[in-house]
Every structure is written in structure tokens, then in C-alpha cells.
1. Can you compute 3J(HN,Hα) from phi for each residue in region 230-235, using the Karplus curve 6.51 cos²θ - 1.76 cosθ + 1.60 with θ = phi - 60°, rounded to whole Hz and x for Gly and Pro?
2. With springs connecting C-alpha atoms under 10 Å apart, model the chain as a Gaussian network and identify which of ALA168, ALA127, ALA106 has the largest mean-square fluctuation.
3. By what distance, in whole Å, do the Cα atoms of the chain stretch along each of the three principal axes, largest value first?
4. Who wins for biggest fluctuation among ASP130, ASP81, ASP201 in a Gaussian network model of the chain, springs between alpha carbons below 10 Å?
5. Residue by residue, what Karplus-based ³J(HN,Hα) values in Hz, rounded to whole numbers, does region 48-61 have, using 6.51, -1.76 and 1.60 with θ = phi - 60° and x for Gly and Pro?
6. Could you work out the local net charge near VAL82, counting Lys and Arg as +1, Asp and Glu as -1, over the other residues with Cβ closer than 9 Å to its Cβ?
7. Find the centroid of the Cα atoms in region 182-227 and in region 120-163, then give the distance between the two in whole Å.
8. Determine the sum of side-chain charges near LEU95: Lys and Arg each +1, Asp and Glu each -1, restricted to other residues whose C-beta is under 12 angstrom from that of LEU95.
Amino acid sequence: MAELIYQTDCYIKDFEAKVTRVEGNKVFLDRTAFHPISGGVANDTGFIESSSGRWSVINVIEEGGDVAHLLDSSPDLKVGDVVRGHLDWDRRYRLMRLHTADHILAAILYKEKGALVTGGHIDPEHAKSDFSLERGEREIFEEAIKKVNEIASTGIEVKIYFLPRDEAMKIPGIVKLAAKMPPDVEKLRIVEIPGVDIQADGGPHVRNTKEIGEVKLLKVENKGKGKKRIYFTIS
């Protein structure tokens, strides 16, 4: 299993690693800053290079407990080769900003409406989140987005740390997903926005809520009984 650099430092854009496996156009590394598509957050893109060439990273996925980097062609690489990875930072940074905004939104709707997250996905262009809400008037989400912006503008430092699973699971509201529990591992990665939210989470986030910028509501959809979907973006 690769060391997941982004879980301890989301701002590392360039890194060095060794190849552990090559399967066609898929490359596995001993460490990576590339975030795979997971937890409802889109994957990173960018490129990797070595003395023998340069290849675009077009997708990143979790595979067999490891991280597979899908390249635009089969690389001239072998096990043990040293490569340098470079993220598409504009894409990653938008994902980070949207992801942290999504946590604030989920915290607001959980505290005020008792709503749990039932699904969602974050792309660089926008985020969509599904909530367990019987009522889903647009005004409810307009007010929630207004509060997200108010909280984000105060400049709260986002904390990321690890806790033993048993200890973490005792924290009220640590899980805000309706149908999914954190992975069965000894330690859970915790993302805390002090005074606002605390969740078990494995994805990239900003260091300070001011980095989010202005959050804008795009649309609200009714996805069936007790399920409402919100789309939002950032300026």
C-alpha cells in the first residue's frame, strides 16, 4: 500500500517516489500525492516523469488496497525506477475548497435539521450533495449556503489528525453519512473545523476556511421521499 502523502499534507504538489508495480498503463508507487476518486471526491490529475519519459495521469483509482495511476500510454518504467509526480494544482485546489465547504454545509444541515448525507460527488466545477430531508424548499438551502459563507469568512484553521478508531467513534456526529461507516482500520483520519464540524474523512482540505471563497447555490432537486439534492460551486 502506498504512503498517502495528501493525508498528512494536502498542499504537496510535487513529489518523488519509486515504482512498485506496472500493469499496462497503470503504475503503482510506494508513495503518492495523487488523490484517487473516493469518498465522493473526484481524482487528481497531472503527470509523472522519469529519465525515460513523461506521462499524463488521466485517472487515479483505489485498486486492491493500493492506488493505481492510470496514464495516457504504457510507460517505459520498471519496478524500482524513481519517478517525479506533479499535480494539476488548479484542479486539486478547487476540489479542496469545495470539499471543505461541503463539510461546513453538512454540519449546518445536521445540527439544524438532523439531516444526514445520503450521497454526493465533488468535481472541480461544482459539488452535489444529497441529504435526508423531508422538506427541501430552496429557501432552506439558500439560508444554509448563507451560513456556510459566514462561517468560511471568519478564517477558521482546519485541523487534520489521527485518532484510534474506538476513541474517534465516541465523538458525537463523527459520521454524517446515512449508510456508510468509516473503514475498519486502527486509526481514523479526522478533519475538524473547530466549533463547526468534526468528521472522519480521508480526502484533501484547505488549511483555513477563508480559502474557500464565496459559495454559490446552483440548484436544488427533489430525488424522492426524504431525499433532497443540492448543487453548489465556488467563485
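Read the figures in this text as sums done on the coordinates, not as results from a lab. All values derive from a computational prediction rather than experimental measurement. Counting neighbours? That spans all protein chains shown, and the Cβs are built from the backbone with ideal geometry, glycine included.
1. So the J values, rounded to whole Hz, are 10, 10, 8, 9, 10, 7.
2. ALA168
3. Each principal axis gives a Cα extent; for the chain these are 56, 38, 35 Å.
4. Its mean-square fluctuation being the largest, the pick is ASP81.
5. Each residue's phi maps through the Karplus curve to give 10, 9, 8, 5, 9, x, 9, 9, 6, 8, 9, 7, 9, 9 Hz.
6. 0
7. Rounded to whole Å, the Cα centres lie 7 Å apart.
8. Spelling it out: positives minus negatives among the neighbours equals -2.
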